[in-house]
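The values are calculated or read from the model by the stated rules, or taken from the named source; none is laboratory data. All values reported here derive from a predicted model rather than from experimental measurement. Using ideal geometry, Cβ is built from the backbone for each residue, glycine included, and neighbour counts are taken over all protein chains shown.
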Amino acid sequence: MTTATAKPTAKLNATEQMVDMAWGRMQLLKKGTGEPLFVYHHDVGNPGWLPFYEALAQKHTVYVPSHPGYPKSTLPEWARTVRDLATLHLWLINELGLQSVSAVGLGFGGWIAAEMATMDHRLFKKLVLVNSMGIQPKEGEILDQFLVSTTEYAKLCFHQPKGFEQQYGEPDIDQLEFWELCREMTTRVAWKPYMFNQSMPHLVAGVRTPTLLVAAKYDKVVPMDCAKRYLGGLPNARLEVLDGAGHFAEMEKPNELAKLVNDFLAKK
């Protein structure tokens, strides 16, 4: 049985819910009208309501859940794989009473969305994977965030330094602690092998959901080959290359990315 408390938050410019389920609690941001669209955030945690989400909410009811084990959502002590997190995200959708949704996965969140689709691809009307992890590149490597500080990793996720400065400014102690908590959970579920599932190239072949793959031209974290491998495996996918952005494309090019997503979702 699901119980949820909801409150409007001016800072977030969205409604924040804490959704209680049998296994634990998940934070959920929500805004907009129209068909349901879930957005799954990066491994650095849910940053709050972004202009990118706002642009999507003009045409959809946008849900942005915080991953299990990341700040404001319950830590499932037993979870050891990204597939475990994907299962709990499917649970959330079921608890909310939704039966047909679309999804946008950002980086690490793209991996979660891809895992969800391999388990229940009929749930998704359409799928968008942006700079998605989860599949091992044959050319290049996914940047190992554990070799650098949390701040340096966040900076590397932007194409231009001004992008980091506009989003985070000078990170305070609360922001640094937030990132460290996210890193701890990422270590639990995605360290070995680092940021990919060896089964993914085989499992996505069964996902017939129309899928848009977006790869940022200047992504320093996820090689372009990851998107190409998803493209080669998914039966009904196409690839768009987004110029002028790095791994955090939704922060550097929110309007351009939102247009790609909205146009794709609107197409019959």
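List pairs: first in the stretch 196-223 and closer than 22 Å to residue 84 by Cβ, second of a type in the set (Lys, Arg), Cβ under 7 Å, 6+ apart or cross-chain?
Listed pairs, sorted by first residue: 201/229; 209/126.
For the structure I just gave you, tell me whether residue 177 is closer than 24 Å to residue 251 by Cα and surrounded by fewer than 17 Cβ atoms within 10 Å (Cβ to Cβ). Explain how you work it out, then say what you get.
Working: closer than 24 Å to residue 251 by Cα: yes; surrounded by fewer than 17 Cβ atoms within 10 Å (Cβ to Cβ): yes.
For residue 177, the condition - closer than 24 Å to residue 251 by Cα and surrounded by fewer than 17 Cβ atoms within 10 Å (Cβ to Cβ) - is met.
Quick check on residue 91: is it aromatic (Phe, Trp, Tyr) and more than 26 Å from residue 175 (Cα to Cα)?
Numbers: aromatic (Phe, Trp, Tyr): yes; more than 26 Å from residue 175 (Cα to Cα): yes.
Yes.
Taking the criterion of being in contact with a Pro (Cβ under 7 Å, 6 or more places away or on another chain), surrounded by 19 or more Cβ atoms within 10 Å (Cβ to Cβ) and not charged (D, E, K, R), would at least one residue in the stretch 184-205 satisfy it?
Checked the stretch 184-205: no residue is in contact with a Pro (Cβ under 7 Å, 6 or more places away or on another chain), surrounded by 19 or more Cβ atoms within 10 Å (Cβ to Cβ) and not charged (D, E, K, R).
For every residue, the table says whether it meets (1) β-branched (Val, Ile, Thr); (2) surrounded by 20 or more Cβ atoms within 10 Å (Cβ to Cβ).
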{"site": "48", "(1), (2)": "no, no"}
{"site": "54", "(1), (2)": "no, no"}
{"site": "74", "(1), (2)": "yes, no"}
{"site": "99", "(1), (2)": "no, no"}
{"site": "103", "(1), (2)": "no, yes"}
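Quick one: which helices (runs of 4 or more DSSP H) lie wholly within the stretch 115-219 and hold at least 3 residues that are more than 28 Å from residue 102 (Cα to Cα) and of a type in the set (A, V, I, L, M, F, W, C)? Talk me through it step by step, then tell me what you get.
Numbers: elements: 150-156, 161-168, 173-190, 200-203.
In the stretch 115-219, the matching helices (runs of 4 or more DSSP H) lie at 173-190.
Among the candidates 237, 258, single out the residue that is modelled with pLDDT of 95 or more, over 18 Å from residue 116 (Cβ atoms), in contact with a helix residue (DSSP H, G or I) (Cβ under 8 Å, 6 or more places away or on another chain) and of a type in the set (A, V, I, L, M).
Details: 237 fails: over 18 Å from residue 116 (Cβ atoms).
Sole residue among the options that is modelled with pLDDT of 95 or more, over 18 Å from residue 116 (Cβ atoms), in contact with a helix residue (DSSP H, G or I) (Cβ under 8 Å, 6 or more places away or on another chain) and of a type in the set (A, V, I, L, M): 258.
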